[in-house]
Amino acid sequence: KAGVTQTPRYLIKTRGQQVTLSCSPISGHRSVSWYQQTPGQGLQFLFEYFSETQRNKGNFPGRFSGRQFSNSRSEMNVSTLELGDSALYLCASRSLSATGDTQYFGPGTRLTVL
Amino acid sequence: EDQVTQSPEALRLQEGESSSLNCSYTVSGLRGLFWYRQDPGKGPEFLFTLYSAGEEKEKERLKATLTKKESFLHITAPKPEDSATYLCAGNSGGGADGLTFGKGTHLIIQP
């Protein structure tokens, strides 16, 4: 079974621009979560989507948004980029079943804001 | 506010020297305690999910245990390829459904 894929893997933008990142979950998984990872703050939850609906949102400004499509693929968008948005953005594909809750991460998109 | 604290921040061991990593948590209505391994430049790799105090899970040289306030990741006779950052995360039932992560333990196994 293919794992979680994220595109692009690397991205360089300048302040004020916007960016869109893409995530394809494991086949059959309907839940996708996004996280931001920085050296100072570690991994922080951005939001979770299930069946095209945002279920939960972390403590991030409105510049961070996302969506999920009918095929469970998800995108996140960051508008008006700031230097502090430089981070590794990770997508997690979630499986909830009788045997338990597992969340599998993709390789991430490394965003650098100049 | 949910919190997860990992210790130590870094640990250097000799090959074959067993040890334990600690994860203390205050997560309201804990619905799962997760352990991940992360290699440099890669996404976290899922290891275990624990749900209730007393639960234990094993995978190769790793064993994770859970109490009401802490989780431990025991590494038995580690090898250099076990070198990585180990992350612990709690899933709260009281609010946002995202995982609350600790800062991780950076483990180095020297040959």
I need every pair where a residue in the range B:34-45 that is at the interface with chain A (Cβ under 10 Å from one of its Cβ atoms) has its Cβ under 7 Å from the Cβ of a residue that is crowded, with 22+ Cβ neighbours inside 10 Å and in a loop (DSSP other than H, G, I, E, B), sequence separation at least 6 or different chains.
B:36/B:44; B:38/B:44; B:43/A:106; B:43/A:108
Within the range A:15-33, the residues that are within 20 Å of residue A:110 (Cβ to Cβ), among the small types (Gly, Ala, Ser) and surrounded by 13 or more Cβ atoms within 10 Å (Cβ to Cβ) are A:22, A:24, A:33
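Out of the residues in the range B:60-84 meeting the condition of being within 14 Å of another protein chain (Cβ to nearest Cβ) and buried (at least 21 other Cβ atoms within 10 Å of the Cβ), tell me which one is nearest to residue B:19 (Cα to Cα). Give the steps one after another, and end with the answer.
First pass over the range B:60-84, keeping only residues within 14 Å of another protein chain (Cβ to nearest Cβ): B:64, B:66, B:84.
Okay, now just the ones that are also buried (at least 21 other Cβ atoms within 10 Å of the Cβ), so B:64, B:66.
Numbers: B:64: 12, B:66: 16 Å.
So, considering only residues that are within 14 Å of another protein chain (Cβ to nearest Cβ) and buried (at least 21 other Cβ atoms within 10 Å of the Cβ), the one nearest to residue B:19 (Cα to Cα) is B:64.
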Subset of the range A:63-90 [over 14 Å from residue A:44 (Cβ atoms) and either in contact with a Pro (Cβ under 6 Å, 6 or more places away or on another chain) or facing chain B (nearest Cβ under 9 Å) (or both)]
A:72
Out of (1) surrounded by 14 or more Cβ atoms within 10 Å (Cβ to Cβ); (2) over 11 Å from the mean Cα position of the chain (by Cα); (3) within 13 Å of chain B (Cβ to nearest Cβ), what's the single condition that is false for residue A:53?
(1)
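Just for strands (runs of 3 or more DSSP E) wholly inside the range B:1-81: which have at least 3 residues that are within 18 Å of residue B:103 (Cα to Cα)? Steps first, please.
Working: elements: B:3-7, B:10-14, B:19-26, B:30-38, B:45-50, B:56-59, B:62-66, B:70-75.
Qualifying strands (runs of 3 or more DSSP E): B:3-7, B:10-14, B:19-26, B:30-38, B:45-50, B:70-75.
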Among (1) modelled with pLDDT of 95 or more; (2) among the hydrophobic types (A, V, I, L, M, F, W, C); (3) open to solvent by less than 60 Å² (accessible area, probe 1.4 Å), where does residue B:10 come up short?
(3)
Residue pairs meeting the criteria (Cβ under 7 Å; at least 6 apart or on separate chains; first within 16 Å of residue B:87 (Cα to Cα) and part of a strand (DSSP E or B), in the range A:84-112; second open to solvent by 10 Å² or more (accessible area, probe 1.4 Å) and small (Gly, Ala, Ser))
A:90/B:43; A:102/A:95; A:104/A:3; A:105/B:43
Residue A:36 vs (1) over 15 Å from residue A:85 (Cβ atoms); (2) open to solvent by less than 20 Å² (accessible area, probe 1.4 Å); (3) polar (S, T, N, Q): all pass except (1)
Cβ-Cβ distance below 8 Å, separation of 6 or more or different chains: which pairs start in the range A:27-42 with a residue that is within 25 Å of residue B:9 (Cα to Cα) and in contact (Cβ under 8 Å) with a residue 40 or more places away in the chain and end on one that is open to solvent by less than 10 Å² (accessible area, probe 1.4 Å) and polar (S, T, N, Q)?
A:34/A:74
Go through the range A:73-101 and report how many residues are open to solvent by 20 Å² or more (accessible area, probe 1.4 Å) and under 11 Å from residue A:32 (Cα atoms).
3
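The values are calculated or read from the model by the stated rules, or taken from the named source; none is laboratory data. Remember, predicted model here, so these are calculated numbers, not experimental data. FYI the Cβ positions are ideal-geometry reconstructions off the backbone, even for glycines, and counts take in every protein chain you see. In case anyone asks, the SASA skips ligands and DNA or RNA and just uses the protein heavy atoms, side chains included. Shrake-Rupley method; radii C 1.70, N 1.55, O 1.52, S 1.80 Å.
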